[in-house]
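Comments concern the structure below.
The values are calculated or read from the model by the stated rules, or taken from the named source; none is laboratory data. Everything numeric in this text was worked out from a predicted model, so none of it was measured. Cβ placement follows ideal geometry from the backbone for every residue including glycine, while neighbour counts extend to all protein chains displayed.
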Amino acid sequence: MSEEDAKNLINLLKTIYNNIVKLPSFGEHKTYTLNSTTTRDVFIVNINRKSKNSNKYTIQARVQGSNVKLMRLDILSDNVPHRNSDGTYIYGPHLHIFKEGKELADAVEYKDDEGFLENCIKFLDSFHLIDYKLDYQSELQLLH
């Protein structure tokens, strides 16, 4: 797949069944199916919070069927390195976006100032999911 093809897939407007994204609680993993509003393309988004560390999680978007990964956000501690294909390292939170010939091997730094809920919203918005509501009651219970 070319980078242009990947960008086009990322930029498609997408919806989710029932317009609800029920966020996983700490220790859970959730998978969501998104549908393009203009093509027959179907996408999978995974949110994984199964780490023993409550501040570590991954959000990933891929194409259903071909399983091509288009984007992945890794939120983890600042002392955990990610090695890019050119040998450079990124420490802490980082974002992967599909690159031709490298897929998701390379990443860029990601500023994680806002926490789990805001990072989920930013990721879903940048993947162009529209007309959705978050069900985050479990998160609110953790905050109270």
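Step by step: first the residues of the range 89-103, then only those that are modelled with pLDDT under 95 and assigned to a loop (DSSP other than H, G, I, E, B), then the one that is nearest to N8 (Cα to Cα). Which residue is that?
Residue satisfying both the conditions and the ranking: E100.
Conditions first: (1) over 13 Å from the mean Cα position of the chain (by Cα); (2) of a type outside the set (F, W, Y); (3) part of a strand (DSSP E or B); (4) closer than 26 Å to Y132 by Cα. S25 passes all but one, so which condition is the exception?
(3)
Answer yes or no as to whether N79 is more than 19 Å from Y136 (Cα to Cα), under 15 Å from the mean Cα position of the chain (by Cα) and part of a loop (DSSP other than H, G, I, E, B).
The answer is no for N79.
Listed residues D106, D74; which is acidic (D, E), part of a strand (DSSP E or B), surrounded by 16 or more Cβ atoms within 10 Å (Cβ to Cβ) and in contact with a Ser or Thr (Cβ under 9 Å, 6 or more places away or on another chain)?
The unique qualifying residue is D74.
Is it the case, given these coordinates, that V68 is β-branched (V, I, T) and more than 15 Å from Y32 (Cβ to Cβ)?
yes
Going by the conditions given, is D41 surrounded by 14 or more Cβ atoms within 10 Å (Cβ to Cβ), in contact (Cβ under 8 Å) with a residue 24 or more places away in the chain and over 17 Å from the mean Cα position of the chain (by Cα)? Step through it out loud before you land on a result.
Numbers: surrounded by 14 or more Cβ atoms within 10 Å (Cβ to Cβ): yes; in contact (Cβ under 8 Å) with a residue 24 or more places away in the chain: yes; over 17 Å from the mean Cα position of the chain (by Cα): yes.
The answer is yes for D41.
What is the number of the single condition among (1) hydroxyl-bearing (S, T, Y); (2) over 17 Å from L117 (Cβ atoms); (3) in contact (Cβ under 8 Å) with a residue 40 or more places away in the chain that Y17 does not meet?
(3)
Would you confirm, using the coordinates I've provided, whether K69 is over 19 Å from N19 (Cα atoms), surrounded by fewer than 19 Cβ atoms within 10 Å (Cβ to Cβ) and free of Cβ contacts under 8 Å to residues at least 24 places away in the same chain? Before you say what the answer is, go through the steps one by one.
Details: over 19 Å from N19 (Cα atoms): yes; surrounded by fewer than 19 Cβ atoms within 10 Å (Cβ to Cβ): yes; free of Cβ contacts under 8 Å to residues at least 24 places away in the same chain: no.
For K69, the condition - over 19 Å from N19 (Cα atoms), surrounded by fewer than 19 Cβ atoms within 10 Å (Cβ to Cβ) and free of Cβ contacts under 8 Å to residues at least 24 places away in the same chain - is not met.
Within the range 45-65, is there a residue that is in a loop (DSSP other than H, G, I, E, B), polar (S, T, N, Q) and under 17 Å from A6 (Cβ atoms)?
Scanning the range 45-65 turns up at least one residue that is in a loop (DSSP other than H, G, I, E, B), polar (S, T, N, Q) and under 17 Å from A6 (Cβ atoms).
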